[in-house]
Every structure is written in structure tokens, then in C-alpha cells.
Amino acid sequence: MDIVQKIKNFVENECKKPSSKYGYEPFPFHFIPMAKYAEELANEMGGDKEVILIAVWLHDIGSIIFGRDNHHITGAKIAEQKLKELQYPAEKIELVKKCILNHRGSQQNNRDTIEEQIIAEVDVMSNFDNIAGIFKAAFVYEDKTQGEAKDSVRKKLENKWNQLHFENSKRIIKPKFEAVMLLLK
Ligand SMILES: [Fe+2]
């Protein structure tokens with residue numbers, strides 16, 4: 001089994017554990033769409049595809065195991081440990097760690113590699129494949145009414161659209177963005 005598959009299985013198992021802070025849903029509804037977009041962008045834009053895919057699977061592992069606070073830091077530590085265990089080359093481990101440390105849109109980042117930039121980008125893109133999850137957050141966690149939820153989901157996705165940096169990602173996401181705006185205006 002290749003290293004990407006091993007890491008994917010590790011993450012899926014962590015999501016299935018009762019102790020997972022976000023349950024199983026991030027696996028099918030966040031990580032899988034991210035991997036699909038990461039593959040597409042890596043094919044078009046370059047970067048080390050293996051590193052990119054490993055970083056996709058592991059980028060939120062800190063959040064799954066310990067919760068959202070500082071999950072970029074906890075996640076980078078878990079990734080290092082796991083990848084060392086699998087005897088992954090040290091310089092590639094460093095790059096995976098940088099991808100995880102710099103993936104969060106909410107912080108100031110200096111993403112100086114294409115791998116880091118692709119991870120941050122596909123994290124944003126995956127929102128357009130998970131409208132149900134964004135509505136779930138609005139109803140269940142934020143206790144919003146239907147009208148409030150509709151507005152907040154539209155605004156959230158408008159913000160996400162504005163966070164896209166690459167022409168390639170905008171081209172890929174544009175039909176989904178336009179469909180959302182049509183349905184939620
Ligand atoms: Fe994420």
C-alpha cells in the first residue's frame with residue numbers, strides 16, 4: 001500500500017472513532033472533495049502531488065483528535081510523528097508540516113511553496129461541495145432561522161469565492177458559485 005493510502009486510512013480511522021471531535025462527516029464531506037480538487041490543481045499547476053495529497057488528508061487531523069483550537073500546530077505534530085513512523089523522507093515531512101501550519105485562512109500566512117498554496121486553496125474550494133454542511137452549521141450550531149441561514153450561507157460562500165487566488169480554481173468553482181448565488185439570492 002502506498003504512503004498516501006496509508007495516511008488516508010489513518011485519518012479515516014481517526015474520524016470513525018467515537019472520540020473524533022467532529023465525527024465521521026469531515027471525511028466524506030470535506031477531505032474527499034479536497035483531495036479531488038488537489039489532484040486537479042496539482043495536475044494543472046505542479047507541485048509534489050504525493051506531499052499535497054498527504055497534506056490534504058492530514059491538514060485537519062489536529063482538529064479531529066484535539067479540537068479546533070491551534071489545530072494547525074497540533075496537526076503538524078501528529079503528521080510529523082505519523083510520517084516518521086512510516087519512514088517518510090525528512091525534507092518531505094517538513095513540507096507537509098508547512099502545508100498544515102499555513103493552511104488556515106484566518107491567520108496571516110507566508111505560504112512560499114506551491115504545495116502550501118494548493119492546500120489553502122482546496123480547503124476553500126471544498127466548501128462549494130458541502131452546502132448541506134454549511135446549512136447544518138447554521139441551523140444546529142448557530143441556531144439560525146431559515147431566513148438567517150439562507151443569508152449567512154450565501155455570505156459565507158461569497159467570502160469563500162473572494163478567497164480564491166488562482167484562475168484555475170475560479171474556473172473550476174465558478175459554475176457552483178453561480179448556482180449557489182442563483183438559489184440563495
Ligand atoms: Fe480543512
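Readers should treat all values here as calculations from the given coordinates under stated rules, not as data from a laboratory. Quantities reported herein were computed from a predicted structural model and do not represent experimental measurements. Neighbour counts run over all protein chains shown; Cβ positions are idealised from the backbone, glycine included.
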Checklist line | Pairwise label distance in nanometres, residue 114 with residue 170, each label 7 Å out on the Cα-Cβ vector | finding: 2.0 nm
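Quick check on my link table: of 36/156; 8/49; 8/97; 16/49; 17/82; 8/174, which ones sit more than 19 Å apart, alpha carbon to alpha carbon?
36/156; 16/49; 8/174
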Check: Which FRET efficiency value, to the nearest 0.05, do you get for residue 141 and residue 87 by plugging their Cβ-Cβ distance into 1/(1 + (r/R0)^6) with R0 = 45 Å?
Finding: 0.65
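Averaged over every viewing direction, what's the projected area of the C-alpha convex hull for the chain? Give it in nm², one decimal, please.
Averaged projected area of the chain's Cα convex hull equals 10.5 nm².
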Next item on the list: Work out how much length residue 177 to residue 9 would gain on full extension: take 0.36 nm times their residue separation and subtract the Cα-Cα distance, in nm to one decimal.
Entry: 57.4 nm
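Over the chain, what is the relative contact order in percent, taking alpha-carbon pairs closer than 8 angstrom and at least six residues apart?
Across the chain, relative contact order equals 19 percent.
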Next item on the list: Kindly provide the helix-only [θ] at 222 nm of the chain, computed as the sum of -39,500 (n - 2.57) over DSSP H runs of four or more divided by all residues, to the nearest 500 deg cm²/dmol?
Entry: -21000 deg cm²/dmol
Notebook entry, point to check: How would you order 147-157, 41-51, 56-66 from highest to lowest mean count of nearby Cβ atoms within 10 Å?
Noted result: 56-66, 41-51, 147-157
Next item on the list: Please give the net charge around residue 150, taking every other residue with its beta carbon less than 15 angstrom from that of residue 150, where Lys and Arg add +1 and Asp and Glu add -1.
Entry: +1
